């Protein structure tokens, strides 16, 4: 007779302690680091170029917001076994879920377009035509998801995330004033001028994204994490959020040490990479461009995946990277369609990308608020999460983050 | 006889009405572009009167058949006036830019939020006031119209402004404007159509209370039915039905009704205490407070909470899906669950509000295993849990797709022989996960993967693994 027993213990004590953490690592790291996409890098670059080290403390705030809500997403996924859109349908009905899904798909499509635009911009900085870089990138991410098993996809994405080290190198090569940077990080100060308010709002707004929230929950479900893994998963989330903040810190520092000193204004991350080269050296500019392409590629892989998870969550279809195409047609088809459409839009000549991307950011900002509110409500609903409902202090922190995000979104929209 | 409101008909007629009406302010906007700001603040709301009238008329054309008690003239008048007010509010930011440009950002944010909310809620509020007295769901209608206009205006801003470029020919400008107007009208009509279907449904339920008449019914249509006490005071609305799996795992009897009261509380009443009223809704046979206190038993299944829209796992054909609707049969002696509808058409039906000509194909509850925590617990606590009666290969399919905790509970409750066979059929990695035994060495887990793997009875197609 087969007994259900505790897992067999083997290996040394330290191995036993850390290997489960290594096994759980993934959702938090990928969801966090993919937030450092071209839109995020652009925001951090403008923050550093226009305001120097003075507003670095904002990154601490956005990191806290990221930890709170990514932890919540992972917890909801692990406890309920459902993705965010599926859970919304189960608890709040078809109308709310379909509205959220529709907005999420439109916003994700626009954001995926922005990621491919980032690949195009980064490629052109390195002298590669967008008509080569974008199709190759689209084919690569689609092939990865279609042909790779869960662990292969996860490992490739994690390896891709290591390209963010390029920003650390760019910052070091820029010879920043580290004491001023540390001072800016721990000393909140702000003059509440229009531009400062706007960039603070944009920094907080760009860190938390609707697709990141839906991704981490669905990915935790796909990874079949159990309630026992929640402690390790929280470590994963904290590590992912901290790394996201650290990457942002180095981007800001690189731009503050160079572009801010020379009073160079930029409007995109591509501008930052191009402007860095004459000031901090070709290698620093190259590092920045490579980082931009890597960030865009990572986000371009994760965004269609997040969309496909959400669509299948809504319908209840199989959505697992370990399924074959015949087992999960809707999952793979929606992934490929989102990737293809987003890449195609970037390749259409004379398409006004800027208004499209601005509209997408607005839609993302508007969608974020109801999603955060629904998540906080779900996390306190004992009929859904049972004994894993959040404590009152954590609920208070969630409420504070929601209020801060609402304020930021309103400031961004007006 | 009343006709159910067709979402598709609403979409077409209302979109056409809005597009025709929108042509008036669009033309007025082009002609008045050279006027001073204060003049534009007058011209555009006047043009909005025509747009609102066209929109209101189109809506009445669709609503009239399904909602005979609605006063069409009041509806059109209210919509027309509200559209004028909405245009006035919408024109304020651009015509008063010089005035508010110097305000602090926080003031601008607060003002814009208030103005935007007022603009979106104007038409819905005016129409809610024009509805017959006592119509349920007025507040929801305000929300739906606000959502609809939010979608419509977003759609317009995504299409027309990015395409309008300096130096374009006049015909191209008009063409882009028409395309933007069409997308706006369709988006607005699509969203408000969902609200209109619900609104008319609730209104007709109040009129007839037909959801609890003998015959097969959809749970989604039964929820929200008003419940009255013996003195005709409204107690609340039906929020859930409770089925007792101890009576029958295939077609369990409905034993209780959960009622949501106006003050946000929930009351659980025995189903036998409620009867359909001739004047509409359900009636409590005894006076208020005299109904017997009753609590559902352990294998009780709350159909809204645990089944509707919940994920389920099937053994044959193996798979995972969601419940589109629950079919309940009301009889003279009681009510019972016929089964669950898993088809995508069930979702479409709930969206469009279309009444099926024949009851949808229902799968008995015993043939699906609920993934929701309460649903799984109730099914497992039933006298003869269907999942434990499955053959070994079917149980292996279910175990593969369920959350680990659920799968372990099933294994603990399963008969020894079947359990051994089912576990043997599991993919080695699923077996390790579910039984917590003898998986690959820990250090290999990271590299070898340990997630969804189908049982050995169904080897993967395509050779990916």
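With each label modelled as a point 7 angstrom along the Cα→C-beta vector, the residue A:102-residue A:60 pair spans 4.3 nm.
Dividing the mean sequence gap of close Cα pairs (under 8 Å, 6+ apart) by how many residues chain A holds gives a relative contact order of 35 percent.
Specify the angular offset, from 0 to 90 degrees and rounded to the nearest 10, of the alpha carbon long axis of helix A:94-125 from the longest principal axis of the alpha carbons in chain A. The answer is roughly 40 degrees. In this label model, residue B:381 and residue B:405 are separated by 1.5 nm, measuring between points 7 Å along each Cα→Cβ vector.
As a rough footprinting exposure proxy, the listed residues A:323, B:150, A:287 were ranked by other beta carbons within 10 Å of their own, and the order from fewest upward is B:150, A:323, A:287.
Note on residue B:110/residue A:369: beta-carbon distance plugged into 1/(1 + (r/R0)^6) with R0 of 22 Å gives a FRET efficiency of 0.90. A full extension of the chain between residue B:157 and residue B:170 corresponds to an added length of 2.8 nm, given 0.36 nm per residue minus the alpha carbon distance.
This ranking places A:234, B:322 by how few other beta-carbon atoms lie within 10 Å of each, fewest first, which gives A:234, B:322.
Between Rg and the Kirkwood Rh of chain A, both from Cα atoms, what is the Rg to Rh ratio?
Numbers: Rg = 20.8 Å, Rh = 21.5 Å.
Radius of gyration over Kirkwood radius for chain A works out to 0.96.
Using R0 = 35 Å, the C-beta based FRET efficiency linking residue A:283 and residue A:190 works out to 0.55.
On a full-extension model of 0.36 nm per residue, what is the gain between residue B:64 and residue B:265, subtracting their alpha-carbon distance, rounded to one decimal in nm?
Working: separation 201, 0.36 × 201 = 72.36 nm, distance 3.55 nm.
Separation in residues times 0.36 nm, less the Cα-Cα distance, equals 68.8 nm.
With neighbours defined as other Cβ atoms within 10 Å of a residue's Cβ, the residues A:325, B:88 order from fewest to most as A:325, B:88.
Just from its helices, what would the mean residue ellipticity at 222 nm be for chain A, if runs of 4 or more DSSP H residues each count -39500 (n - 2.57) and the sum is divided by every residue, rounded to the nearest 500 deg cm²/dmol?
Numbers: 19 runs with 318 residues, N = 414.
That comes out to -25500 deg cm²/dmol.
Axis of helix A:282-315 versus longest Cα principal axis of chain A: the two differ by about 30°, to the nearest ten degrees.
For an R0 of 30 angstrom, estimate the FRET efficiency from the Cβ-Cβ distance between residue A:147 and residue B:345 and round to the nearest 0.05.
Working: r = 34 Å, r/R0 = 1.12.
In this case the efficiency is close to 0.35.
Bear in mind that the values in this text are calculations on the coordinates, not laboratory data. Nothing here was measured: the structure is a model prediction, and the numbers come from that model. Ideal geometry is used to build each Cβ from the backbone, glycine not excepted, and the neighbour counts take in all protein chains shown.
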